[in-house]
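The values are calculated or read from the model by the stated rules, or taken from the named source; none is laboratory data. What you are looking at is a predicted structure, and each value in this text was computed from that prediction instead of being measured. When we count neighbours, we look across all protein chains shown, and the Cβ atoms used for this are built from the backbone with ideal geometry, even at glycine.
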Amino acid sequence: MTKLGCILLCLFFSGDLFAQRKDTVIIKSIYFGGGSYDIDSEQILELYQLIESIPNLDDYQISITSHTDNIGGQRYNAWLSEMRSEAVIELLIFKKIPPDKIFKKDFGQNNPLYDNNTLNGRMLNRRVDIIFSPLLF
């Protein structure tokens with residue numbers, strides 16, 4: 001399992017808001033329909049509530065990892081992965097997060113966390129993970 005996979009399994013943030021410590025890694029996943037990079041209003045609201053709940057957001061680095069299921073070709077999924085990450089980055093920039101604090105990696109259909117041989121696994125792989133990592137001082 002990759003280091004990212006371990007982080008996601010160990011620290012998965014399900015959408016519930018909770019008290020933050022400065023050394024806590026926070027992960028929020030945005031899920032997409034098949035072949036889509038549209039983000040529904042409920043997930044946008046949850047993301048904005050999370051951002052507003054993090055004290056001293058300047059003390060965090062933000063990493064975006066984008067994923068797709070394995071339906072469609074490799075090139076199409078690479079493009080779709082990039083479009084998903086860009087859609088999330090636009091939301092972060094709208095909330096006044098400077099673009100130079102955001103790092104992204106588009107995995108496409110590579111490096112799935114869930115089993116792409118099942119419907120549920122494919123649904124869970126259609127996501128962008130937003131990882132808020134505390135900066136070390």
Exercise. Within the range 110-137, how many residues are at pLDDT below 95 and under 17 Å from residue 46 (Cβ atoms)?
Worked result: 0
Exercise. Quick check: anything in the range 91-109 in contact (Cβ under 8 Å) with a residue 24 or more places away in the chain, in contact with a Lys or Arg (Cβ under 6 Å, 6 or more places away or on another chain) and closer than 27 Å to residue 24 by Cβ?
Worked result: no
Seminar exercise, completed: Per the list (1) assigned to a helix (DSSP H, G or I); (2) among the hydroxyl-bearing types (Ser, Thr, Tyr); (3) touching a residue at least 60 places away in the same chain (Cβ under 8 Å), residue check on residue 85 breaks on (3)
Exercise. Can you find even one residue in the range 23-33 that is in a loop (DSSP other than H, G, I, E, B), under 17 Å from residue 131 (Cα atoms), over 14 Å from the mean Cα position of the chain (by Cα) and at pLDDT below 95?
Worked result: yes
Exercise. Name the residues in the range 82-104 that are farther than 22 Å from residue 46 by Cβ and either among the aromatic types (Phe, Trp, Tyr) or surrounded by 13 or more Cβ atoms within 10 Å (Cβ to Cβ) (or both), would you?
Worked result: 82
Exercise. Filter the range 41-78 for residues that are under 25 Å from residue 111 (Cα atoms) and out of contact with any strand residue (DSSP E or B) (no Cβ under 8 Å at 6 or more places or on another chain); which is surrounded by the most Cβ atoms within 10 Å (Cβ to Cβ)?
Worked result: 69
